[in-house]
Amino acid sequence: MILQAEPSPIAFDPARAALVLIDMQRDFLEPGGFGETLGNDVGLLHAAIGPCRTALSLARAAGMLVIHTREGHRPDLSDAPPAKVARGAPSQRIGDMGPMGRILIRGEPGHDIIPALAPIPGEPVIDKPGKGAFYATELEPTLRHRSIDTLLVGGVTTEVCVHTTIREGNDRGFRCVALADCCASYFPEFHAMGLAMIKAQGGIFGWVSDSAALAAAFAPSPA
Ligand code: C5J
């Protein structure tokens with residue numbers, strides 16, 4: 001199967017590829033969550049929801065592995081570096097009570113994945129304390145046990161958790177493809193530059209494609 005991408009098309013076997021949706025959580029996409037406490041306009045992330053739904057439907061129909069990640073911390077904050085909790089001047093800090101429960105804490109309503117992209121049984125959900133999905137998680141063995149070699153990545157935000165995960169995956173030998181319209185940022189210019197960085201220099205740490213190209217890759221070839 002060939003996926004049109006930049007800087008070059010990439011061949012992939014759906015049985016050895018995973019769709020990885022990064023942190024499509026209420027805490028980042030809905031008012032009152034972590035993203036908004038940092039002063040961001042959460043509406044800017046909503047453009048990625050429809051394309052993520054498309055990619056999710058395609059991956060599920062093809063029997064591909066689908067992995068969801070969630071950024072967040074244990075209720076006692078034992079896995080939250082003090083430097084992360086203290087950083088910046090947010091209106092509320094990690095662990096404070098907000099309208100969707102404690103900010104960025106596992107088990108709270110804000111930590112959930114948005115209903116439009118809810119995982120279904122059998123889809124691993126990786127809880128991560130950091131920005132990258134490989135750090136301090138079971139993601140790598142989850143992929144290796146299934147002989148996955150290619151990651152199709154969407155989610156938020158492009159230049160933070162998506163980028164960090166793609167960099168980590170690339171260094172571990174996975175072929176990482178950012179699905180551009182399935183990603184979004186509170187800063188449109190960072191989204192654009194984040195994608196540009198991935199595919200520059202002949203694909204220095206990955207490829208960039210989109211949900212339409214994924215649909216085309218899965219479309220039956222004309223007889
Ligand atoms: C951020 C993320 N932006 N999921 N997290 O803090 O990108």
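The values are calculated or read from the model by the stated rules, or taken from the named source; none is laboratory data. Source: prediction; values computed, not measured. Note that each Cβ is placed from the backbone with ideal geometry, even for glycine, and that neighbours are counted across all protein chains shown. Quick note on the areas: whole protein, heavy atoms, side chains included, nothing else; ligands and nucleic acids left out. Shrake-Rupley method; radii C 1.70, N 1.55, O 1.52, S 1.80 Å.
How long are the semi-axes of the equivalent ellipsoid of the range 1-131, taking √(5λ) for every eigenvalue λ of the Cα gyration tensor, in whole Å from largest down?
For the range 1-131, the ellipsoid semi-axes come out as 30, 15, 14 Å.
Around Glu123, under 13 Å between beta carbons, what's the net of Lys plus Arg minus Asp minus Glu among the other residues?
Net local charge, Glu123 excluded: +3.
Can you figure out the FRET efficiency of Ile2 with Leu38, using R₀ = 30 Å and their beta-carbon distance, to the nearest 0.05?
0.15
Under a plain spin-label model, where a point goes 7 Å from the Cα along Cα-to-Cβ, how far apart in nm are Ala89 and Ala15?
5.7
Step through the residues of the range 180-185 one at a time and calculate ³J(HN,Hα) from phi using the Karplus curve (6.51 cos²θ - 1.76 cosθ + 1.60, θ = phi - 60°), rounding each to whole Hz and writing x for Gly and Pro.
Each residue's phi maps through the Karplus curve to give 4, 7, 8, 10, 7, 9 Hz.
What does the convex hull of the Cα atoms of the range 139-223 come to per residue, in Å³, rounded to a whole number?
Per-residue hull volume (Cα only) is 108 Å³.
Counting DSSP beta bridges with both partners in the range 66-223, what percentage is antiparallel, nearest 5?
10
With bins 5 Å wide starting at 0, give me the P(r) of the range 68-223 over every alpha carbon pair, in whole percents.
For the range 68-223, the binned pair fractions read 2, 8, 15, 19, 20, 16, 11, 6, 2, 1, 0, 0 percent.
Going by alpha carbons, how many degrees (0 to 90, nearest 10) lie between the helix axis of 49-61 and the longest principal axis of the chain?
Long axis of 49-61 versus the principal axis of the chain: about 50 degrees.
For the pair Arg106/Asp79, report the inter-label distance in nm, with labels modelled 7 Å from Cα in the Cβ direction.
In this crude spin-label approximation the distance works out to 0.4 nm.
Phe205: net charge of surrounding residues, Cβ under 12 Å, Lys/Arg +1, Asp/Glu -1, itself excluded?
Combined, the nearby Lys, Arg, Asp and Glu give +2.
Give me the percent relative contact order of the chain, please, defined on Cα pairs under 8 angstrom at least 6 residues apart.
RCO, the chain: 28 percent.
For Lys84, which lysines qualify as cross-link partners when the Cα separation must be under 19 Å and same-chain residues fewer than eight apart are set aside?
Result set, ordered by chain and number: Lys128, Lys131.
Could you please state how large a percent of the accessible area of the range 143-223 is carbon and sulfur, counting protein chains only and using a 1.4 Å probe?
59
With a Förster radius of 41 Å, plug the Cβ-Cβ distance of Glu138 and Ala223 into 1/(1 + (r/R0)^6) and report the FRET value to the nearest 0.05.
0.40
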